[in-house]
Structures are given as structure tokens and as C-alpha cells.
Amino acid sequence: MLLKDKVGIVSGVGPGFGREIALAFAREGAAVVLGARTESYLETVRAEIEALGGRATAAVTDITDAAQCERLVDTARDAFGRVDVLVHNAFAPDVFQPFEAVDLDAWRHIMDVNLFGSLQLTKAAIPTMKGQGAGSIVFVNSMIVRKILPLQGGYATSKGALLTAAQVLAKELGPHHIRVNSIVPGWMWGPSVQGYFRMMQTQTGRPTQEQYDEIAAQIPLGEIPPDEDCANAVVFFASDLSSVVTGQALDVNGGEVFH
């Protein structure tokens with residue numbers, strides 16, 4: 001029960017990593033406030049948490065809308081009285097085009113979600129955390145900031161900016177006992193990657209297991225880390241086990257990239 005009596009907001013809750021973070025929080029004793037654009041995802045995960053005997057509430061949230069960010073924080077405070085943890089999992093993927101061909105408006109959208117949307121939700125939560133005299137903010141970043149890949153320049157740029165922003169916030173918010181950290185996952189075995197492998201199998205004929213084995217062979221631990229195990233890194237930053245850790249980025253990738 002590492003998060004007993006804590007209240008955590010999780011953005012970007014869907015069938016993948018956001019769900020695993022929310023369920024991990026509930027198992028560790030937190031009351032969970034779910035945010036996502038798709039109401040059906042919110043209701044499904046809320047029902048799962050309640051079936052575990054946990055407490056949860058939700059609000060449909062597009063993090064690019066300031067009013068909706070405020071509403072998500074208000075939902076947490078109205079339901080549970082405080083906000084101890086804010087986890088940023090919502091993101092926009094890349095358009096997978098070379099820089100010379102890309103419409104920079106596509107990059108602006110990615111930045112608006114991944115950077116400014118995350119910062120907007122952070123800004124909504126800071127007054128509550130300051131009033132409590134404590135808080136933990138966790139950004140879900142990406143291994144792409146360590147290992148640049150072609151055709152994902154907008155995503156990499158947005159996540160690189162977010163990594164720096166997290167350190168800026170850690171410096172500014174530290175005197176208020178608000179900690180700010182990032183996790184930097186790589187490949188994660190869950191619905192998103194599984195769907196990608198199925199798509200590639202359809203396009204190329206390569207079996208899913210063959211694709212899995214090729215990637216796992218590049219990872220020292222010999223497997224693609226499961227979503228639920230990566231979620232434990234978020235629990236660590238949310239918990240008092242990391243009470244003197246701020247401004248840090250923890251790579252969670254099975255050892256594929258060392259930093």
C-alpha cells in the first residue's frame with residue numbers, strides 16, 4: 001500500500017499504459033482520478049478499479065483545453081479533497097514523415113498536446129499542491145529522446161522539450177515540496193505495441209513472434225517490458241519512497257539504452 005491515502009490524477013487513460021498506471025495506483029491504495037478524451041475508456045477503467053475495491057472518479061479531458069484541465073483537477077478535489085500525484089500519460093503520436101515533407105502544423109499539434117497540454121494540466125494542479133505543501137508530478141516521456149528514430153521528429157522534439165520542462169519545474173517547485181520527475185520507457189508490451197505488430201504482420205507478412213524476438217534480442221533482459229511492470233516506476237515516483245528525488249528521468253526499457 002505504497003500510495004495509501006493519496007489521491008492521484010492520471011491523464012491519457014485508455015486500454016494501454018494509462019490503464020496500467022491507474023490500476024497500479026488503486027492496488028497501492030490511492031484514490032484515482034481518470035482523465036481521457038474517450039468516455040468509454042474512463043468508465044471501463046473506473047469499473048475495474050471499483051471491482052478491486054478501490055476508489056475512482058473520472059472526467060472527460062482534452063489536455064489542450066485549459067477549462068477541461070481545470071475541471072479534471074476540480075473533479076479530484078471535489079471527490080477526494082486533495083491532489084497528491086499528477087501523472088501525464090496523454091500524448092499525440094507522430095505523423096511519420098521526413099522533415100522536408102512534413103507540414104509543420106502537424107508538428108505544432110504534437111507540441112500542443114505533448115508539451116503545452118501537459119504543462120497546461122500541470123498549471124491547473126499547482127495551486128492545490130502548493131496549498132497542501134506537497135505533491136508529486138510524473139511525466140511519461142519516451143526512449144526516443146535517447147535513441148532518435150527516423151520519421152518521428154515531431155514526437156522526439158516534443159518529448160525532448162518536455163524532459164527539459166520537467167527539470168525547470170523541479171527547480172521552481174522544489175521549495176514548495178512538489179517533486180517533478182519523468183519516466184523514460186522504451187518498447188512496452190501492451191495493446192499499443194501488440195496492435196503495431198499485428199499491423200506490420202498484415203503489411204509485411206512477418207509473424208508477430210518474429211518481430212517480438214528481433215526487438216527482445218536487443219534488450220539485455222531479453223523481453224519487451226510489460227506495461228504493468230513499467231507502471232511500477234510511476235508508482236515509485238508517486239510514493240514516499242522517492243521523497244527526496246526530483247528533477248530526475250528514470251529509463252525503463254529493460255536495458256536497451258543506457259543513459
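The values are calculated or read from the model by the stated rules, or taken from the named source; none is laboratory data. Given the structure is predicted, the values throughout are model-derived calculations rather than measurements. Ideal geometry is used to build each Cβ from the backbone, glycine not excepted, and the neighbour counts take in all protein chains shown. Side chains included, ligands, DNA and RNA excluded: accessible areas come from the protein's heavy atoms. Shrake-Rupley method; radii C 1.70, N 1.55, O 1.52, S 1.80 Å.
Using the crude model of +1 on Lys and Arg Cβ and -1 on Asp and Glu Cβ, and no other charge, please compute the dipole size for the chain relative to its Cα centre, in debye to 20.
Dipole of the chain, to the nearest 20 debye: 620 debye.
So, for the range 164-259, what is the accessible surface per residue at a probe of 1.4 Å, expressed in square angstrom?
Heavy-atom SASA per residue in the range 164-259 reads 53 Å².
At a temperature of 4 °C and a viscosity of 1.567 mPa s, determine how fast the chain diffuses translationally according to Stokes-Einstein, using the Kirkwood radius over alpha-carbon pairs as Rh; express D in µm²/s, rounded to the nearest whole number.
70 µm²/s
Calculate the radius of gyration of the Cα atoms of the range 21-157 to one decimal place, then report Dmax, the largest Cα-Cα distance, as a whole number, both in Å.
Spelled out, the Cα radius of gyration and Dmax of the range 21-157 are 16.5, 52 Å.
Based on Cβ point charges of +1 for Lys and Arg and -1 for Asp and Glu, what charge dipole magnitude is obtained for the range 113-259 about its Cα centre, in debye rounded to the nearest 20?
640 debye
What's the Cα-based Rg to Rh of the range 81-124, Rh via Kirkwood?
With Rg and the Kirkwood Rh in hand, the quotient comes to 1.15.
Binning at 5 Å from 0, report for the range 88-151 what percent of all alpha-carbon pair distances ends up in each bin.
Histogram of Cα-Cα distances, whole percents per bin: 4, 14, 20, 21, 16, 10, 7, 5, 3, 1.
Just want the answer: with Cβ charges of +1 for Lys and Arg and -1 for Asp and Glu, which residue in T164, Y212, Q132 is farthest toward the dipole's positive end in the range 97-252?
Checking the options against the dipole of the range 97-252, the answer is Q132.
Report the extension gain between M1 and H109 in nm, rounded to one decimal, defined as 0.36 nm multiplied by the number of residues separating them, less their alpha carbon distance.
So the extension gain works out to 35.0 nm.
How many percent of the alpha carbon pairs in the range 180-229 exceed a separation of 17 Å?
Tail of P(r) above 17 Å: 39 percent of Cα pairs.
Keeping every protein chain in place, order H177, H109, H88 by accessible area at 1.4 Å, biggest value first, i.e. largest first.
So, going from the largest accessible area down, we get H177, H109, H88.
Got a number for the accessible area of E43? Probe 1.4 Å, square angstrom, nearest 10.
The accessible area of E43 comes to roughly 70 Å².
Can you give me the convex hull volume of the Cα atoms of the range 131-249, divided per residue and expressed in Å³?
Dividing the Cα hull volume of the range 131-249 by its residues yields 124 Å³.
Could you give the Stokes-Einstein D for the range 134-187 in µm² per second, using the C-alpha Kirkwood radius, 25 °C, 0.890 mPa s?
Result for D is 208 µm²/s.
Summing Lys, Arg as +1 and Asp, Glu as -1, what charge do residues with Cβ under 12 Å from the Cβ of P15 carry, P15 excluded?
Result for the local shell: -2.
Given the pairs K6/K123; K4/K123; K4/K130; K123/K159; K130/K159, which are separated by over 23 angstrom at their Cα positions?
Listed pairs above 23 Å: K4/K123; K130/K159.
Using modelled backbone amide H atoms (1.01 Å from N, in-plane), which distant-in-sequence or interchain residues come within less than 5 Å of R179's amide H?
G135, S136, I137
Kindly sort T128, T44 by accessible area of their heavy atoms, largest first, with the probe set to 1.4 Å.
The most accessible residue leads, giving T44, T128.
Please name whichever of L72, G8, T38 sits farthest to the positive end of the charge dipole of the range 1-86, dipole taken about the Cα centre and charges placed at Cβ: Lys and Arg +1, Asp and Glu -1.
Selected residue: G8.
Evaluate the charge dipole of the range 1-131 about its Cα centre and quote only its size in Debye, nearest 20, assuming +1 on the Cβ of each Lys and Arg and -1 on the Cβ of each Asp and Glu.
Charge dipole, the range 1-131, about its Cα centre: 620 debye, nearest 20.
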